[in-house]
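Note sheet for the following structure.
The values are calculated or read from the model by the stated rules, or taken from the named source; none is laboratory data. Since we're looking at a predicted model, the values are computed, not measured. Cβ atoms come from the backbone with ideal geometry, glycine included; neighbour counts cover every protein chain shown.
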Amino acid sequence: MRARGSAPPWWPVLLLLLLGPARARAQEDEDGDYVELELAFPSEEDGPADATPHVPTATFHRCAKDAWRLPGAYLVVLKEGTPRAQTESAARRLQARAARRGYLTTVLHVFHHLVPGFLVKMSGDLLDVALRLPHVEYIEEDSSVFAQSVPWNLERVLPERYQAEEYSAPSGGGLVEVYLLDTSIQSGHREVQGRVTVTDFESVPEEDGTRFYRQASKCDSHGTHLAGVVSGRDAGVAKGASLRSLRVLNCQGKGTVSSTLIGLEFIRKSQLAQPVGPLVVLLPLVGGYSRTLNAACRHLARAGVVLVAAAGNFRDDACLYSPASAPEVITVGATNAQDQPVTLGTLGTNFGRCVDLFAPGEDIIGASSDCSTCFVSQSGTSQAAAHVAGIAAMMLTAEPELILAELRQRLIHFSAKDVINEAWFPEDQRVLTPNLVATLPPSTHGAGGQLLCRTVWSAHSGPTRTATAVAHCTPGEELLSCSSFSRSGKRRGERIEVRGDRRVCLAHNAFGGEGVYAVARCCLLPRANCSIHTAPAGAGMEPSVHCHEQDHVLTGKGGDVVTC
């Protein structure tokens with residue numbers, strides 16, 4: 001006979017079943033692990049059986065070019081500021097939930113220094129599960145990126161009033177390191193020997209085709225040529241600049257968005273571990289539009305790094321590609337010896353509002369990987385971007401304190417203007433595409449006291465009556481004017497509006513209009529000194545502020561900061 005008051009033998013089991021799910025959920029929240037007892041209740045991600053299914057707030061993005069997509073590999077990007085521990089926890093949680101459904105997942109890389117997130121190899125069936133993870137902002141399917149290549153060039157980048165035999169460059173770029181994300185490099189070539197450091201970084205996909213022969217000269221071709229254009233002894237722009245090579249493209253000149261991201265994170269980690277002087281990152285590659293790659297470029301630029309990218313060789317709008325579409329990147333199109341846009345078969349240089357300027361990019365003589373003394377001619381926006389990277393290195397050597405906005409404005413200021421025949425561009429892109437070809441400055445110190453401005457176009461608004469378009473400047477620039485443009489002539493006007501900590505140019509479409517552009521005039525104000533005069537509160541004197549120079553105008557005051 002059982003004693004009165006004693007618990008029946010089934011009571012501990014019932015108690016365990018009742019308490020088990022809550023404990024299991026708490027453990028999952030902490031480390032992402034799961035136990036079988038969680039099956040006693042509906043899971044948190046599925047909700048109650050009779051509830052409306054939870055719709056994830058995160059979004060999914062994929063490359064617009066079907067042939068460039070890499071299904072099965074995904075970049076899971078978490079909200080900005082997410083700690084690394086939570087990022088790793090989200091990755092473990094995804095793996096646990098996938099395992100419960102019978103799927104195998106592999107976390108290939110965890111990002112933290114530029115964008116919080118991770119690269120995961122998994123089935124597309126798990127996308128809905130991943131989108132429901134805490135802190136996830138969006139998921140992007142991985143995609144391919146490609147090299148963009150298909151001695152008049154050095155003469156073209158000279159200032160117009162100089163001849164090649166009498167021009168002496170203001171600096172050789174010796175204080176600047178240029179990071180080159182490309183194929184491998186033949187570092188023993190006489191053009192770049194002693195100037196290139198081949199890092200141990202390598203993140204490349206397998207070559208297409210089972211019979212592809214990895215010939216060394218083929219694997220090194222693109223990177224070696226660009227290294228020579230940047231700082232080659234004979235054919236280079238910035239002959240004193242040093243290069244660091246990161247291999248993100250395979251022997252066929254093909255890479256991935258994820259490998260490029262990992263390369264950019266490698267640069268940021270190196271910068272944090274050992275701060276050096278000015279850094280230039282050359283991105284002679286193009287993929288489909290990538291929100292994640294553009295975000296990484298933005299964060300690296302805000303850390304003081306200058307990024308120069310190829311516009312692309314698809315005779316298309318550069319805004320459709322990355323990293324060319326990132327506003328913080330200096331995007332370069334290609335021109336030939338006659339200052340005309342480069343044509344490459346049925347294709348050619350990209351164009352549009354996302355291009356900052358053009359540079360030589362056709363039949364460029366540079367180092368060949370066939371032998372240590374060989375030279376070869378190559379064409380493309382990769383070569384054009386390499387020219388601008390070299391010019392940037394020279395400017396930064398002369399003025400190491402330049403920020404990105406100042407460097408970009410100087411590149412535009414010293415460029416040759418209105419020399420390109422705009423008829424080559426599609427009619428709707430002619431007004432948006434800058435008519436500028438990069439040249440070296442006669443003196444890198446010559447623009448510090450001038451008002452430098454550039455025009456920034458917004459994306460085209462929609463055709464609806466209430467559609468708006470927004471254009472804004474990059475950090476360091478001042479928005480001095482705002483206008484709007486409509487091809488149909490129907491627009492309601494524009495205004496300058498404060499959004500967050502910056503002013504933007506806002507344009508409004510009109511009834512019956514086909515859309516509108518906002519056009520911002522972004523300027524660098526000349527550096528000037530201001531004086532603040534204060535007195536004790538009991539002295540009966542008002543504090544005053546004035547500029548030192550008579551032609552300087554006091555434009556703003558806030559707190560302890562004034563602007564002249």
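The single condition among (1) in contact with a Gly (Cβ under 7 Å, 6 or more places away or on another chain); (2) surrounded by 22 or more Cβ atoms within 10 Å (Cβ to Cβ); (3) under 25 Å from R298 (Cβ atoms) that I403 does not meet is (2).
If we scan the range 303-311, do we find a residue that is within 18 Å of the chain's Cα centre (by Cα), farther than 25 Å from V176 by Cβ and not in a strand (DSSP E or B)? For the range 303-311, residues within 18 Å of the chain's Cα centre (by Cα), farther than 25 Å from V176 by Cβ and not in a strand (DSSP E or B): absent. State yes or no: is L432 in a helix (DSSP H, G or I), hydrophobic (A, V, I, L, M, F, W, C) and modelled with pLDDT of 95 or more? Against the criterion (in a helix (DSSP H, G or I), hydrophobic (A, V, I, L, M, F, W, C) and modelled with pLDDT of 95 or more), L432 does not qualify. Being buried (at least 17 other Cβ atoms within 10 Å of the Cβ) and closer than 19 Å to E328 by Cβ, is that true of even one residue in the range 437-444? Checking the range 437-444: at least one residue is buried (at least 17 other Cβ atoms within 10 Å of the Cβ) and closer than 19 Å to E328 by Cβ.
If the condition is being out of contact with any strand residue (DSSP E or B) (no Cβ under 7 Å at 6 or more places or on another chain), part of a loop (DSSP other than H, G, I, E, B) and either surrounded by 23 or more Cβ atoms within 10 Å (Cβ to Cβ) or hydrophobic (A, V, I, L, M, F, W, C) (or both), then the range 251-277 contributes only C251. Inside the range 224-244, can you point out the residues that are outside any helix (DSSP H, G or I) and buried (at least 24 other Cβ atoms within 10 Å of the Cβ)? If the condition is that a residue be outside any helix (DSSP H, G or I) and buried (at least 24 other Cβ atoms within 10 Å of the Cβ), then G232, G236, V237, A238, A241, L243 are the ones that fit.
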